[in-house]
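The values are calculated or read from the model by the stated rules, or taken from the named source; none is laboratory data. What you are looking at is a predicted structure, and each value in this text was computed from that prediction instead of being measured. Heads up, the Cβs are rebuilt from the backbone with ideal geometry, glycines too, and the neighbour counts pull from every protein chain shown.
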């Protein structure tokens, strides 16, 4: 796998940290991905039955994680990390990149985001702040940038494989330009790879019910086809949506498969995935490992706070939680607000 | 190191990688603003409770249980910081003293500043100097972890009750020999109840040559070079043997007193005459039988003789030792249980007699596995009455539960070797001079030949030391069946 990282990422990280600013430790939370807009959805109740295909195929997965490690008087300090995991010849291997730590302020957020975009993908939104995310969105946006770059690297380096993404194949959102996803999917197809995106959570509903709750009484593994999803422009769906129940446990996930791939190879791709990866609770192990490997633990947050304190002389202090101060035991903390 | 918490007299200190601190080490918690410092001893080292560590460890294991292989690209080099946090340890420390103006006090009633205090290792030589452990009669016990010598003062054993305990083959006898040799060197009188014949070569070097104390070691083996003539015996001592070692009933003892008086009046205090007198004495048949059975026990022990030339004067050895210092080794190795009790009863009786009449000033008594020969009532005697006479006992045992609780509570010094058994640790932890946690935590991890010195000898600062080697012929080795055998 190509693991050459754009130097810009590291340079920006260090540059942003060198400003002597006080860090204010604050509750750690990840920001959810933007909501999708759903129209006339249909769920085909007839399941597509699957048989595991035990043909040797590389299974690779990408995931990234971000975490806020503290507040400063002028912004936030965040960390981003990504992981590629692949299973080949029965063994799991990984490449983990990061953590990269950024000090993001209102003043530097455009510079940070645009510089990273151009470093990764050769594109940027220009000097206008119109497309620059707000401060709270910055952690996810930077993580998404890293994730797209890792996906690009995988699609370029693997051939005849199954590439698993975390999330959906929806594009056209500010952090996921359609052209960028099309490029990634196109590169993957050229190398005979098939991209499958697993969403842990979905908001898609049919008759008011979540599509992953409408499971027929049938022996898994199977797929249910979902159609009629017409996102509002500029959002574009680059995959076909399925509900996948792949193990006996009563869990199902939304799975998007590159729509440019004909139907039969799509189904075959899921069957190959079943034959090549371990599944627990209907979720592929490769993707689970990618998620686990990039997720930050509390221990790492402490270490990163130690790092910024030691290397950049930032002093960590606790900002008082106004909910607790005002409401005492009835204040659930700002994270709940 | 950072001060984290104080609960009772236990201080919790956060320690980071690179600050190598182990159990038994001393730390100085210095609060410069308060102009005071706490001396604390590390009694346990645990991992600091860092959130997320379990997740960190678990995530590297996939379903198969093998470590997942991979590459970490960490351009900012955060990993060392993660390791730094992950490997942080929490030191549980007992507060031993407060230092104020270079004076030590046992107080732990003040709280040093958590943010301002500095914590550093307190080198043992500094501690020993502060505690004034060394004295005019130094005994080098051994080497401490930081390669300094642990030297105690011989006077800290004077008038004291000491216990040397630990499991088998940890070096108890070695330490008792070391103490003994040093005491003899300071012209002290030492009496040893040598159960396994380990001490009779104290006067020889490892290669079998005579050492400096060769002439001061007097080995007495009962019924060989250690025999008594009845006329050397005091009635009080002999009655002690008959009643306590041979369990002679009171009525018979009263009759024996008359027989003894009669023999003494006739100046016929011989074993032969004693037998004849019992045979012809006008008394109840049961009393006669009782007296006869004890008489035969005495005869069969071989410890009592009518041949004056054979008889050894214990007093002579004691007086010789009194003048130049010396050790009287009572070799009980091949002595049966009853005979052993006869001998011990005699020796202790004789010691008390000599001490009460001020013929002797004081005696250091070393008793190995004393429960095998010491009668019940002597335990209390030893810690109370006999101490006042000038018998200063050191018990050596690998079965700590054979020594009574009150002995532990009154022990002035305990030299503790490794114990792993919870029950044994429980027993020893009843000692008054140290807290149970220290005993349990440190003694469990002591390597062989390392001892935890507790009590007055170390001014109540428990110190771990590797007992120094001695150029003395070792006799305490276990006889083995497979030694020098070859397998075919």
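Observations on the model:
- So residue B:70, is it assigned to a strand (DSSP E or B), within 12 Å of another protein chain (Cβ to nearest Cβ), more than 26 Å from residue B:453 (Cα to Cα) and modelled with pLDDT under 90: yes
- Verdict on residue B:211 being over 14 Å from the mean Cα position of the chain (by Cα) and within 24 Å of residue B:428 (Cβ to Cβ): no
- Per the listing B:19, B:77, B:33, the residue uniquely more than 30 Å from residue A:277 (Cβ to Cβ), out of contact with any helix residue (DSSP H, G or I) (no Cβ under 8 Å at 6 or more places or on another chain), more than 14 Å from chain A (Cβ to nearest Cβ) and exposed (fewer than 13 other Cβ atoms within 10 Å of the Cβ) is B:33.
- Count - residues of the range A:245-259 that are out of contact with any strand residue (DSSP E or B) (no Cβ under 8 Å at 6 or more places or on another chain) and either crowded, with 19+ Cβ neighbours inside 10 Å or free of Cβ contacts under 8 Å to residues at least 12 places away in the same chain (or both): 0
- For the range B:353-362, the count of residues that are under 25 Å from residue B:201 (Cβ atoms) and touching a helix residue (DSSP H, G or I) at 6+ places or on another chain (Cβ under 6 Å) is zero.
- No other residue among B:425, B:452 is touching a residue at least 60 places away in the same chain (Cβ under 8 Å) and either out of contact with any helix residue (DSSP H, G or I) (no Cβ under 8 Å at 6 or more places or on another chain) or not in a loop (DSSP other than H, G, I, E, B) (or both) apart from B:452.
Residues are listed down the side, and each one gets a yes or a no for (1) at pLDDT 90 or above; (2) surrounded by fewer than 15 Cβ atoms within 10 Å (Cβ to Cβ); (3) farther than 27 Å from residue B:365 by Cβ:
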{"site": "B:124", "(1), (2), (3)": "no, no, yes"}
{"site": "B:131", "(1), (2), (3)": "no, no, yes"}
{"site": "B:136", "(1), (2), (3)": "no, yes, no"}
{"site": "B:139", "(1), (2), (3)": "yes, no, no"}
{"site": "B:148", "(1), (2), (3)": "no, no, yes"}
{"site": "B:168", "(1), (2), (3)": "no, yes, no"}
{"site": "B:171", "(1), (2), (3)": "no, no, no"}
{"site": "B:175", "(1), (2), (3)": "yes, no, no"}
{"site": "B:181", "(1), (2), (3)": "yes, no, no"}
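- Test: residue B:199 is surrounded by 21 or more Cβ atoms within 10 Å (Cβ to Cβ) and either out of contact with any helix residue (DSSP H, G or I) (no Cβ under 6 Å at 6 or more places or on another chain) or within 21 Å of residue B:354 (Cα to Cα) (or both): yes
- Filter result for residue B:239 (outside the structural domain of residue B:373 (by TED's automatic domain parsing), under 24 Å from residue B:381 (Cβ atoms) and part of a loop (DSSP other than H, G, I, E, B)): no
- Which listed residue is over 20 Å from residue B:140 (Cα atoms) and modelled with pLDDT under 80, from B:421, B:406: B:406
- For residue A:211, the test of being in contact with a helix residue (DSSP H, G or I) (Cβ under 9 Å, 6 or more places away or on another chain) and buried (at least 21 other Cβ atoms within 10 Å of the Cβ) is failed.
- Residue check for residue A:38: under 23 Å from residue B:81 (Cβ atoms), more than 14 Å from chain B (Cβ to nearest Cβ), within 21 Å of the chain's Cα centre (by Cα) and at pLDDT below 85: no
- Meets criteria (surrounded by 14 or more Cβ atoms within 10 Å (Cβ to Cβ) and either in the same structural domain as residue B:277 (by TED's automatic domain parsing) or closer than 22 Å to residue B:269 by Cβ (or both)) for residue B:301: yes
- Wholly enclosed strands (runs of 3 or more DSSP E) of the range B:103-203 bearing at least 3 residues over 19 Å from the mean Cα position of the chain (by Cα): B:103-105, B:118-121
- Meets criteria (in contact with a strand residue (DSSP E or B) (Cβ under 8 Å, 6 or more places away or on another chain), in the same structural domain as residue B:101 (by TED's automatic domain parsing) and closer than 24 Å to residue B:105 by Cβ) for residue B:32: yes
- Residue A:274 meets all of the listed conditions (1) crowded, with 18+ Cβ neighbours inside 10 Å; (2) in contact with a strand residue (DSSP E or B) (Cβ under 8 Å, 6 or more places away or on another chain) but one, namely (2).
- For the range A:260-293, filtering for residues that are more than 10 Å from every other protein chain (Cβ to nearest Cβ) and in contact (Cβ under 8 Å) with a residue 24 or more places away in the chain leaves 22.
- Of all the numbered requirements in (1) on the phi < 0 side of the Ramachandran plot; (2) in contact with a helix residue (DSSP H, G or I) (Cβ under 9 Å, 6 or more places away or on another chain), residue A:98 misses one, and that requirement is (1).
- Each residue in the range A:275-293 was checked for being assigned to a helix (DSSP H, G or I) and under 22 Å from the mean Cα position of the chain (by Cα), and 9 pass.
- Hey, residue B:98 more than 10 Å from every other protein chain (Cβ to nearest Cβ), out of contact with any helix residue (DSSP H, G or I) (no Cβ under 9 Å at 6 or more places or on another chain) and in a loop (DSSP other than H, G, I, E, B) or not: no
- Extreme residue, modelled with the lowest pLDDT, among residues of the range A:224-243 that are farther than 24 Å from residue A:214 by Cα and in contact with a strand residue (DSSP E or B) (Cβ under 9 Å, 6 or more places away or on another chain): A:234
- Selection count, the range B:20-60, where residues are part of a loop (DSSP other than H, G, I, E, B) and touching a residue at least 40 places away in the same chain (Cβ under 8 Å): 11
- Among the residues making up the range A:294-304, those that are in a helix (DSSP H, G or I) and at the interface with chain B (Cβ under 9 Å from one of its Cβ atoms) are A:298, A:299, A:300, A:301, A:302, A:303, A:304.
- So residue B:147, is it outside the structural domain of residue B:9 (by TED's automatic domain parsing), without any contact (Cβ under 8 Å) to a residue 12 or more places away in the chain and within 28 Å of residue B:16 (Cβ to Cβ): yes
- Selected residue [touching a residue at least 60 places away in the same chain (Cβ under 8 Å) and surrounded by fewer than 22 Cβ atoms within 10 Å (Cβ to Cβ)] from B:420, B:393: B:420
- Residue pairs whose Cβ atoms lie under 6 Å apart, separated by 6 or more positions or on different chains, with the first residue in the range A:99-112 and within 14 Å of chain B (Cβ to nearest Cβ) and the second at pLDDT below 85, are A:100/A:9; A:100/A:13; A:101/A:13; A:102/A:13; A:102/A:16; A:103/A:16; A:103/A:17.
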